[in-house]
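**Student:** Quick one: structure below, then a few questions.
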């Protein structure tokens with residue numbers, strides 16, 4: 001009888017058969033070779049031992065890792081700000097460091113209580129191309145190359161659905177081109193800054209994190225879709241410290257722990273020195289994973305709580 005992990009790899013392999021990508025299996029890892037000779041490894045890994053989580057028991061953990069060529073890795077390592085800048089244009093994976101290696105990584109922790117493979121599966125599949133998306137984006141942005149159709153598949157109805165689900169849990173406003181919301185980081189001292197449908201992260205808004213999803217900000221490499229951004233109010237003075245913390249957050253996101261799905265990247269926020277987590281959902285996910293905007297919002301709530309605690313352990317205060 002197949003295990004859950006074996007069934008997951010079989011499903012992914014079947015879905016990739018029509019793409020023209022070359023695949024092979026190495027035990028509990030699906031190896032995908034891209035035209036540019038990048039290798040993406042979709043691995044089933046064991047969860048961290050003795051994890052006590054209110055989220056429930058872990059069924060399995062999937063790590064998607066695309067190792068970049070050595071010359072690209074060396075270039076990234078030589079430019080301190082490069083990872084943070086590139087991760088600002090991430091789609092479904094983060095440029096991450098592992099010793100001397102640089103890879104684009106995503107992670108999905110599947111809980112025993114989950115019944116969401118219809119959402120999770122398409123995310124895993126599309127994250128396999130995240131390395132190419134994240135590397136093509138800066139070049140296209142700098143050269144002004146067209147990014148194809150900039151029209152998003154998400155619309156007002158999607159945003160109204162998110163508002164209806166989350167307005168009882170947080171300050172949340174759905175509009176024509178997106179949703180803005182605030183998540184309390186400190187339920188005692190939270191002071192929402194939401195007024196007349198506008199949300200701003202300010203230096204004084206230390207009790208809340210800002211979440212937005214918008215359909216009118218196309219991606220430089222893939223065009224239309226849904227841009228998602230979670231901004232924290234923490235301020236990290238000094239570029240070296242900010243870069244170090246962002247790198248640590250991206251590394252921790254790859255751990256086999258009961259964390260929200262990791263399909264995006266930590267980068268600098270709009271304040272310039274605050275941490276933010278960004279994702280970009282291609283239009284294909286709108287129909288392939290119905291309701292995914294609401295899932296992304298739920299995961300952002302969990303990520304804000306986790307990041308607030310993690311940053312405090314680093315000595316980063318709000």
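**Student:** Send over the Kirkwood Rh of the stretch 156-313, from the inverse of the averaged 1/r over different Cα pairs, rounded to one decimal Å.
**Tutor:** On the way: mean 1/r = 0.0625 Å⁻¹.
Over the stretch 156-313, the inverse of the mean reciprocal pair distance is 16.0 Å.
**Student:** Arrange the following residues from fewest to most other Cβ atoms within 10 Å of their Cβ: 114, 98.
**Tutor:** Values: 114 17, 98 13.
So the ranking, lowest neighbour count to highest, is 98, 114.
**Student:** While we're looking at this one, here's another question. Testing the spin-label approximation: label points 7 Å from Cα along Cα→Cβ at residue 24 and residue 98. State their distance in nm.
**Tutor:** Each label point lies 7 Å from its Cα, and together they span 1.8 nm.
**Student:** Once the piece of chain linking residue 305 and residue 111 is laid out straight, how much longer is it, given 0.36 nm per residue of separation minus the C-alpha distance between them?
**Tutor:** On the way: separation 194, 0.36 × 194 = 69.84 nm, distance 1.84 nm.
The residue 305-residue 111 span can extend by a further 68.0 nm.
**Student:** Which FRET efficiency, nearest 0.05, do residue 273 and residue 169 yield, Cβ-Cβ r, R0 30 Å? Intermediate results must be reported in sequence, preceding the final value.
**Tutor:** Details: r = 29 Å, r/R0 = 0.96.
Between residue 273 and residue 169 the formula returns 0.55.
**Student:** Further question: If each of residue 37 and residue 244 carries a label point 7 Å out from its Cα toward its Cβ, how far apart are those two points in nm?
**Tutor:** Calculated label separation equals 3.6 nm.
No value in this document is a laboratory result; all are computed from the given coordinates. Predicted model only: the values in this text are computed from it and were never measured. Every residue, glycine as well, gets a Cβ built from its backbone with ideal geometry; the counts of neighbours run over all protein chains shown.
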